[in-house]
Amino acid sequence: AQSVAQPEDQVNVAEGNPLTVKCTYSVSGNPYLFWYVQYPNRGLQFLLKYITGDNLVKGSYGFEAEFNKSQTSFHLKKPSALVSDSALYFCAVRDIGYGNNRLAFGKGNQVVVIP
Amino acid sequence: SQTIHQWPATLVQPVGSPLSLECTVEGTSNPNLYWYRQAAGRGLQLLFYSVGIGQISSEVPQNLSASRPQDRQFILSSKKLLLSDSGFYLCAWSVLRTGSPYEQYFGPGTRLTVT
């Protein structure tokens, strides 16, 4: 089955510093990868996706992610973190074992941006 | 543009009472629809998904059920709630189309507390 791993429970970063949230994947075939963000008591918001093409994907709110096939990673990045970026971040991968209709989500990473 | 609605936003129900949560999608047709539960902590658990009217796939055997009486309506139900049913319930939709494969878009969620 397709899966993603988010190895860190929480990421703490000072405001203005670069932010990185890590994700590694395990798939058979071509990976379709996604990042979502969740603010407290809200639904998940789609940030960006990698399907094919350029390994650097740009998304919403200044976020970008780098697809690295040799390291099977898809880390989320932001050059300068804001306090408002404090939220829960989920990595996800298309789960091809179920008629292409499902996503497999990681456990989530709590990001805390310190003023 | 597409919009997804969930109601109620919050719900407090006693153990043994019935449950009905509703999700509707606007601005798209024939979407795939999903119900997730997010327990305290953070992980997402896929409960049900549907690829069409009356077509429901159950992922986890439990005392919950789902129905899709109309193309853009998805209902989560229970005849008798358990304490363990408490959590944050999220509805999501997706449509397979060129350029936007597989990503899911989430509703605002329903916070259910079973007392």
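Each other residue within a Cβ distance under 14 Å of A:Phe46 adds +1 if Lys or Arg and -1 if Asp or Glu, for a net charge of +3. For chain B, the equivalent ellipsoid derived from the alpha-carbon gyration tensor has semi-axes of 24, 14, 13 Å in decreasing order.
Looking at region B:36-96, the trypsin sites (Lys or Arg not before Pro) that sit in a DSSP loop and have at most 12 other Cβ atoms within 10 Å of their own Cβ are B:Lys79, B:Lys80. The lysine pair tally for the protein assembly as shown, using Cα distances under 29 Å and a gap of 8 or more places or different chains, is 21. Kindly identify region A:13-89 as rounded, prolate or oblate by the Cα gyration tensor criterion: order the square roots of the eigenvalues as a ≥ b ≥ c, call it rounded if a/c is under 1.5, otherwise compare a/b with b/c, prolate if a/b is larger, else oblate. Prolate is the answer for region A:13-89, as a/c is 1.5 or above and a/b outweighs b/c. A cut-off under 10 angstrom between Cβ atoms defines the neighbours of A:Asn101, and their net charge, with Lys, Arg +1 and Asp, Glu -1, is +1. Please report the base-10 log of the normalised intensity I(q)/I(0) for the protein assembly as shown, using a Debye sum with one equal scatterer per alpha carbon and no solvent, at each q in 0.08, 0.10 (1/Å). Taken in order of the listed q values, log10 I(q)/I(0) reads -0.30, -0.46. For region A:1-85, the list of trypsin sites (Lys or Arg not before Pro) that fall in a loop by DSSP and count at most 11 other C-beta atoms within 10 angstrom reads A:Lys69.
Every read-out reported here was derived from the displayed coordinates using simple, explicitly stated rules and does not represent laboratory data. All figures in this text were calculated on a predicted structure; none of them were measured in a lab. Positions of Cβ are backbone-derived with ideal geometry, glycine not excepted, and every protein chain shown enters the neighbour counts.
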